[in-house]
Every structure is written in structure tokens, then in C-alpha cells.
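Since the structure comes first, as C-alpha cells, the remarks are kept for the end.
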Amino acid sequence: MNTHDPIVGRYVYVQCEGKTYRTYYEEHGEGIPLVCLHTAGTDGRQYRHQLCDPDIAANFRVIAFDMPWHGKSIPPADFYLMEDEYKLTTKFYCEFIIAFCRALDLKKPVIMGQSMGGNVCLALALKYESEFSALIALEACDYSPGWWIDPLHHPHIHGGEVVASSVFGLMSPESPDEYRWETWWYYAQGGPGVFKGDLYFYSVDSDFRDQLQKISGRLPIYFLTGEYDFACTPEMTERTAEKVKNSECVIFSGGHFPTSEDPAKFKDIITPVLKKIVQNDPERRGQGAGRANLVELRSPRSAERAPGRRVIDL
Amino acid sequence: MSRYQNRKNFDLEWIERWARRVNEDRRLPVIGRFFTSRFVIGVDETDYLVEVRGGKIQRIAEGLTPNDMGFEFALRAASSAWAKFSMAVPPPLFHDIWAMAHPLHRNLVIAGDQKPFWQNLRALTHMLSLMRAI
């Protein structure tokens, strides 16, 4: 007998800023809509474990979509005419998330995003708080500089290998090798310049340091950051959470890609958060909730050597 | 901690042990097939020149001389930073070469021509990670 994941994938046409985007998404479960945002330069596969988790699926309709340019979602039809390189902006990112949720007719979904998907939660809280019921910001902070750099998109450098290798160290050395390398693979598969273009949002266009106090607090925000994250360190997340009303902050022994680099550990840390969200929204939990258990070397060189210099030929 | 406390210093002999371990690795000739470079590992005030061809280390040397005609890139950090980097389980911020060099942290400086650094990042990352296996 064949074994299948319970995930179902479809394409939806999303209208945003005057263009139509054929957008791929996957889903599983029933209950509170939980829309998952992937990290820069990758796609929704980062959430495959959460999409398959029966405990999560019992209370949540888990949905992971691929942003335009990413995964199985294609760029806009006229992308080859663009006079600038691809750059994700805060405005487009927010508007696309809203448009996607509307295209699926989701009411007050919970957003869970990691890295750039976590940082955008701050923008959503600032401008669109009435659209959502809770925000889960993984590996998020108010300002994450230093990543919009040319080596990540350069014709003399293999894009897939450099992009994937540049993020490999964001993961915990103690996360399982199997899943760290799967995450590396997702990164190696991104389109040319897409990772760098996303990092325009991440490191340049989204500086929330002077805006945090404007977040009303009506929308609960959960910050969770792994101790090996060097793009968004625990201190950066704590600094941010301290200024955001109605927020909680959890620091755990993991890395920057918790959903894909160590799914078992991620389940341990996300379960209490999901439990709180269900408790705050009991009417919308899935029908299966009752049975769910959510708690839970060559020859020597001809050149002369300097006197006294120690040289070893291997 | 005991792993690096027992390591007295990062001398040429230590670099040699690492280089020999690198040359025993069976993946580097594959992922580093085109990794041919001359780079420097700087430990405190000492530069070690590492000559790599096809993912294997051909020569190491302590200090630089005019006959070297320079190098492509240098990775320079304090011995305390390299000690953390080479621990069996390195601590956060010292567990990856780009993590150490990232402008937010600056625990390591990449000098010279950075293009070959980025071009060979996958093989270089693996090569340096073998410091944890000696």
C-alpha cells in the first residue's frame, strides 16, 4: 500500500498591486486558519512537518503558500521586462499576504512566519491588526541588517550553493543532519536573485525600531527565537518583544529554521503557543479537537623558502 | 570545554593535523573539485598560508614571505574565537565562518578578494568544520 502525506496542494490566482499571481499553496487540517510564511528565498516545504502533524491539524487549518517567485509560484508574467532586480518590499509583502488570505476567504487567520516571515508580522501588527487573530513570529526582530549583499547574486558565484551555504550556519549544530541538509536543499533551489531580493525586505526595507510602540497590543504576538540564530539573535528578539505590547518571548535551543531543521523540537516549543491560541478562540477549533492531544596535496615548489621558515608539504 | 582547553595553541603542528584530516576526507574532492586557492588562516598575529588544489591541501606554511606573492583571501580571528569555532559543539556565533564574519558580530575578518571565498563557501565550510574532528 502506498503511503501519502495528508497534504493537498492547489493553485489560486491572487490579485496584488494590479497583477495576477498564480500562487501555490498546500493545506491540511480543520479549524482555525493558520497561514504559514516561509523564509527568504525558499518555499512552503519548510512547513511540511507541521502540515502533516495530526495534533496541529485537529485544531488548525494549516496553510503554507509559496510567495511569487518562490517554489511552485511563478513570477509575474512580465518579469523579464523589469528594469530593476527583484526586491521584496514591505508594502508588497503585506499586501500579498492580505490578498492571499482574502483569495482563500479566510476569516481572522493566525499568521505564523519565520525569519522574514517573522519580521513581517511587525508590519502586519502595525497596519493590519484587524485582519488577524494572532501572530507567531519565529526568529523575528525589529531590525536585521547585513544580508542584502551582492555575493548572493553574482554571475561568478553559484547562486544555489552560496545561498544555501550562507544560511547553513544559521542552524543549530545539534539539529539533526538530515533536516539541516534538507533545509540547505530548499535554499539551493531558489531562483537567481530571489534570496537576495527577499533580503532587501529583511535588511533594508523593514526597520521597525522606531515603530514598535505604535503596535496597539490588541493582537497577541508570540516571539520564538533559537539560540544559534546569528541573523536574529535571542538578544535582538528580546529587545523587540520588550517593546511590543501583548507579546510573549520564548528563547529555545535551536536555530533560524525551527520548522524544518528540527521539527520534533519545534513541536515541543510551539505546542504551548497553539494551545493558548485555541483557548482564546474556542469556537473555531476543529471538529477533531476533542480527540486531539494538543498538549503536547604535489611536488615541492621551485621558489626558495625563506631561511628559518617552517613549511610543510603534504 | 575540555576539548579546547587541552589544546595549548593553534601552532603549525595543529594546522598540520587539521590539514591531514582534511586530506583524508572523501567528500571534499567532490564538493571541492574546483576549489583551488591560496588562503590565510590568521590566528591572533600569526598567518598560516594554506594552498588548496581540487579540495585537497597541498601545503601549509607559518607566516608570509615575499615569495608567496600574496594570497587570495584571509580569515583572521583571535585564538579564543578559533578555539570556540573548533569545539566539538561550538557555541552560538562561533559555530560558522559567516556567523563569525557577519557585520553584526565581527568575530572574524575576511580580508583580500572575497569572491573566491563566496565561490567556494560550501567546500570551505566543510573543510573548516573538520577542525572539530581533530
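Looking at B:PHE94, B:PHE85, B:PHE117 in this structure, which one is in contact with a Phe, Trp or Tyr (Cβ under 6 Å, 6 or more places away or on another chain) and either at the interface with chain A (Cβ under 9 Å from one of its Cβ atoms) or on the phi > 0 side of the Ramachandran plot (or both)?
B:PHE117
Being of a type outside the set (Asp, Glu), assigned to a strand (DSSP E or B) and under 18 Å from the mean Cα position of the chain (by Cα) is the filter here; which residues of segment A:1-57 pass it?
A:THR23, A:TYR24, A:TYR25, A:PRO33, A:LEU34, A:VAL35, A:CYS36, A:LEU37
Can you tell me which residue is nearest to A:SER130 (Cα to Cα) among those in segment A:159-216 that are basic (Lys, Arg) and in a helix (DSSP H, G or I)?
It comes out as A:LYS214.
Identify the residue in segment A:62-89 that is of a type outside the set (A, V, I, L, M, F, W, C) and within 14 Å of the chain's Cα centre (by Cα) and, among all such residues, is nearest to A:ILE149 (Cα to Cα).
For segment A:62-89, the residue satisfying everything is A:HIS70.
List pairs: first in segment B:53-82 and among the β-branched types (Val, Ile, Thr), second modelled with pLDDT under 95 and not in a strand (DSSP E or B), Cβ under 6 Å, 6+ apart or cross-chain?
From residues that are among the β-branched types (Val, Ile, Thr), the pairs are B:ILE57/A:LEU314; B:THR65/A:ALA306.
Which members of segment B:105-120 meet the condition of being of a type in the set (A, V, I, L, M, F, W, C) and either over 12 Å from B:PHE39 (Cα atoms) or modelled with pLDDT under 95 (or both)?
B:LEU108, B:VAL109, B:TRP118
Here is a check on your reading of the model: is A:LEU219 touching a Lys or Arg at 6+ places or on another chain (Cβ under 8 Å) and over 20 Å from A:ILE149 (Cβ atoms)?
The answer is no for A:LEU219.
Please indicate, with yes or no, whether at least one residue in segment A:131-140 is more than 8 Å from every other protein chain (Cβ to nearest Cβ), at pLDDT 95 or above and in a helix (DSSP H, G or I). Talk me through it step by step, then tell me what you get.
Residues of segment A:131-140 that are more than 8 Å from every other protein chain (Cβ to nearest Cβ), as a first pass: A:131-140.
Add one more test, that the residue is at pLDDT 95 or above, and what stays is A:131-140.
Of the ones still in play, those that are also in a helix (DSSP H, G or I) are A:131.
For segment A:131-140, residues more than 8 Å from every other protein chain (Cβ to nearest Cβ), at pLDDT 95 or above and in a helix (DSSP H, G or I): present.
Of (1) modelled with pLDDT of 95 or more; (2) crowded, with 20+ Cβ neighbours inside 10 Å, A:LYS267 satisfies all except one. Which?
(2)
Sort through B:ILE97, B:ILE60 and tell me the only one that's crowded, with 20+ Cβ neighbours inside 10 Å and more than 25 Å from A:SER166 (Cβ to Cβ).
From the options B:ILE97, B:ILE60, the qualifying one is B:ILE60.
Which one of the conditions (1) within 21 Å of B:LEU93 (Cα to Cα); (2) more than 13 Å from chain B (Cβ to nearest Cβ); (3) among the aliphatic types (A, V, I, L, M); (4) crowded, with 20+ Cβ neighbours inside 10 Å does A:ILE277 fail to meet, given that it meets all the rest?
Single failed check for A:ILE277: (1).
I'd like the residue in segment B:42-65 that is of a type in the set (D, E, K, R) and more than 10 Å from every other protein chain (Cβ to nearest Cβ) and, out of all such residues, is nearest to B:LEU12 (Cα to Cα).
Of everything passing the filter in segment B:42-65, B:ASP47 is nearest to B:LEU12 (Cα to Cα).
Can you tell me which residue within segment A:216-229, out of those that are within 14 Å of chain B (Cβ to nearest Cβ) and surrounded by 24 or more Cβ atoms within 10 Å (Cβ to Cβ), is nearest to A:ILE277 (Cα to Cα)?
Once the filter is applied, the top-ranked residue is A:THR225.
Enumerate the pairs (first residue in segment A:10-37 and closer than 11 Å to A:LEU104 by Cα and among the small types (Gly, Ala, Ser); second residue anywhere and at pLDDT 95 or above and part of a strand (DSSP E or B)) with beta-carbon separation below 7 Å, excluding pairs fewer than 6 apart on the same chain, so at least 6 apart or on different chains.
Cβ pairs passing all conditions: none.
Mind checking which pairs have a first residue in segment A:164-183 that is away from chain B (no Cβ under 12 Å) and a second that is aromatic (Phe, Trp, Tyr), Cβ under 7 Å, 6 or more apart or different chains?
A:THR183/A:PHE257
Any residue that is exposed (fewer than 14 other Cβ atoms within 10 Å of the Cβ), at pLDDT below 95 and in a loop (DSSP other than H, G, I, E, B) - is there at least one of those in segment B:33-40?
First, the residues of segment B:33-40 that are exposed (fewer than 14 other Cβ atoms within 10 Å of the Cβ): B:33-34.
Imposing the further condition that a residue be at pLDDT below 95 reduces the set to none.
No: segment B:33-40 contains no residue that is exposed (fewer than 14 other Cβ atoms within 10 Å of the Cβ), at pLDDT below 95 and in a loop (DSSP other than H, G, I, E, B).
The values are calculated or read from the model by the stated rules, or taken from the named source; none is laboratory data. All figures in this text were calculated on a predicted structure; none of them were measured in a lab. No Cβ is skipped: glycine too gets one built from the backbone with ideal geometry, and neighbour counts run over all protein chains shown.
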